[in-house]
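Down below is the structure, laid out as structure tokens.
The values are calculated or read from the model by the stated rules, or taken from the named source; none is laboratory data. Since the model is a prediction, treat every value here as computed from it, not as a measurement. Note that each Cβ is placed from the backbone with ideal geometry, even for glycine, and that neighbours are counted across all protein chains shown. Keep in mind that these areas ignore ligands, DNA and RNA; they rest on the heavy atoms of the full protein, side chains included. Shrake-Rupley method; radii C 1.70, N 1.55, O 1.52, S 1.80 Å.
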Amino acid sequence: MNQRFEHAQFAHCESGVVSTLLSSYGLKISEPMAFGITSSLSFVYMPIVKISNMPLIAYRDLPKNIINNISKVLGIEMVKKQYKDPIQANKDLTQFVQNSQLVGLQTSVFYLPYFPKDMRFHFNAHNLLVVGKEENNYTISDPVFETLMSCDENELTKARFARGIFAPKGFLYYPKHIPKDINLSKGIKKAIIKNAKALLTPFPYAGVKGMRKLATKISKLKVDNNERHIKNFLTHIVRMQEEIGTGGGGFRFLYAAFLQEAKAYNLDKSILQEASELFIKSGNALREFALLCVESSKKLERFDSQTIANKLTEASFYEQEAALLLKKL
Amino acid sequence: MEKFEIPQESNATLNGQRKVMYGINESGKFERVNYASSAEEFATQTAIEEFEQLCRESLERIQQEISSPIEYFMYKNRMDLPTLSSVVGMFSFRVKRHLKMKHFKKLNDKILQKYAEALNIDINELKDFTQ
């Protein structure tokens, strides 16, 4: 089955891995399609959940959403395994590789030796593909990197059994059966509407409202004597958006690309075009927002909370408009 | 089609690697392009510097016999209290106590070994901690 495998670099690890995995098992699916059809665009701001003492901020749905939903949406049978015993997990993985069967893994970035040192933080939901093994080293197709990587089996096992929030517990997955006649157009329409509704949710910490909640929080920040916290808070937002969220409003551009692709499936093209442009606008606003955050944390005396908050609110209005449009599909 | 810019700055934290994002090419189609963002670079570096500062502050507190070496190595491994607690499999209030020098001194080898494994160091580095 592996003959059709081709390593490619992607904007987002999970959608990238799913795209490569399904493509090499015979179902050609692009990264934007994998991302869009699982309704993965989102915004979450959870002040109660802390990561390194900072609130949880995410620009897309929770990790594993794509893997879990793709089987539901497309009727694909996926094998998903978690392990208690690291030795067994490694044995199984070697077995898959020897049968030249491509599998996806969830890992922690911190324990992967091929990552640059500066990028290694305790982020437990990084996805990659294992494509081969030479002696004790696995060959890895990691969507973040341009080329194939190599990783010692002990280190990889450590990364698979990292603990903490989103602990992978050796999570391994691959498609078992892909139906021959997959009708994308029906799934796409449903997925777009579902995503639009999710963005418009009345729950105040998610979607459009979540963005405004965060904007309000930023507008209330005061510099007096906690400069360090403000600097860390602002750069934390940027990190969640850029480092983990791929290039500014990367997920917004990814979703815009999906909407363009969706035009080929018998849906109202003008709505898709307009919404796609709105998401690009939102992505642009988010990039400017990130630049403002960085500028302010470099020169805190010039920190203007209102301007920054307004930028985020601006992005939220574009997304609201786009979601309202898409709901009508 | 709405246009947008792909940042082509520099990002030293990637150590020569290049990441991709979606951009629009000349014929108006989306495709993956390499990018590098200095905003991302600054944010990552700030996070690293924060951990380095926490390490330095911890060293000072160790000298004053307030904090334990576990705290120093926790920050050195870029962990926070909840992460360390889940790695060693203890309740965080217990781990929090172990971050204090006076409780740390009473710990037995078995518990110290757990911490040493979690923090990827030798047990002696905890026992005979020198700066």
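A few remarks follow.
- Residue pairs, from the table A:LYS186/A:LYS263; A:LYS194/A:LYS328; A:LYS158/B:LYS105; A:LYS117/B:LYS19; A:LYS269/A:LYS328; A:LYS213/A:LYS311, whose Cα atoms sit over 18 Å apart: A:LYS158/B:LYS105
- The coefficient of translational diffusion for region A:133-227, derived via Stokes-Einstein from the alpha carbon Kirkwood radius under 10 °C and 1.306 mPa s, stands at 84 µm²/s.
- Rounded to the nearest Hz, the phi-derived 3J(HN,Hα) couplings of region A:98-104 under the Karplus curve 6.51 cos²θ - 1.76 cosθ + 1.60 (θ = phi - 60°) are 5, 7, 6, 10, 7, 10, x, where x marks glycine and proline.
- Computed from phi, the 3J(HN,Hα) profile of region B:52-69 under the Karplus parametrisation 6.51, -1.76, 1.60 (θ = phi - 60°) reads 5, 5, 4, 4, 4, 5, 5, 4, 4, 5, 5, 4, 7, 6, 8, 9, 9, x Hz, with x in place of Gly and Pro.
- Coil-residue GluC sites (Glu not before Pro) of region B:1-89, DSSP, other Cβ within 10 Å capped at 10: B:GLU5, B:GLU26
- Pair-distance distribution P(r) for region A:1-85, from all Cα-Cα distances in 10 Å bins starting at 0: 15, 41, 30, 12, 2 percent.
- For chain B, the longest site-free run once trypsin sites (Lys or Arg not before Pro) in DSSP loop states with at most 14 other Cβ atoms within 10 Å are removed: B:30-104
- Protein heavy-atom accessible surface, 1.4 Å probe, per residue over region B:8-131: 54 Å².
- Comparing A:ASN136, A:ASN195, A:ASN225 in a Gaussian network model of chain A (Cα springs below 10 Å), the most mobile by mean-square fluctuation is A:ASN225.
- Principal-axis tilt of helix A:207-219 within chain A, Cα atoms, nearest 10 degrees: 50 degrees
- Estimated translational diffusion coefficient (Stokes-Einstein, Kirkwood radius over Cα pairs, 4 °C, 1.567 mPa s) of region A:232-329: 91 µm² per second.
- Across region A:138-181, the volume of the C-alpha convex hull divided among the residues equals 141 Å³ per residue.
- In percent, rounded to a whole number, the relative contact order of region A:208-308 is 37, using alpha-carbon pairs under 8 Å and six or more apart.
- Chain A contacts chain B over a buried accessible area of about 4100 Å², both sides summed; the probe is 1.4 Å and only protein chains count.
- Close amide H partners of A:ARG60, meaning residues 5 or more places away or on another chain with modelled amide H under 5 Å apart, are A:SER42, A:VAL44.
- Segment B:LYS3..B:ASN124, full-extension length gain: 37.7 nm, with 0.36 nm per residue of separation and the alpha-carbon distance subtracted.
- In this simple spin-label model, placing a label point 7 Å from the Cα along the Cα-to-Cβ direction at both B:HIS103 and B:GLU49 gives a separation of 3.3 nm.
- Working value for region A:190-287: equivalent-ellipsoid semi-axes of 32, 15, 10 Å, each the square root of 5 times a Cα gyration tensor eigenvalue, largest first.
- Karplus-based coupling profile of region A:17-34, in residue order and whole Hz: 5, 5, 4, 5, 4, 5, 4, 6, 8, x, 10, 5, 9, 7, 5, x, 5, 4, with θ = phi - 60° in 6.51 cos²θ - 1.76 cosθ + 1.60 and x standing for Gly or Pro.
- Semi-axis lengths (Å, descending) of the ellipsoid that matches the C-alpha gyration tensor of region B:37-115: 27, 15, 8
- Value of D in µm² per second that Stokes-Einstein yields for region B:29-74, Kirkwood Rh from Cα pairs, at 4 °C (1.567 mPa s): 99 µm²/s
- Exercise: per-residue mean of other protein chain Cβ atoms within 10 Å, A:113-124: 4
- Max mean-square fluctuation residue, GNM over chain B, Cα-Cα springs under 10 Å, options B:ILE66, B:ILE48, B:ILE24: B:ILE24
- Relative contact order for chain A, counting Cα pairs under 8 Å that sit 6 or more residues apart, in percent: 20 percent
- Built from the Cα atoms of chain A, the convex hull projects on average onto 16.6 nm², one quarter of its surface area.
- Most mobile listed residue (B:ASN15, B:ASN108, B:ASN120) in chain B, GNM with C-alpha springs under 10 Å: B:ASN15
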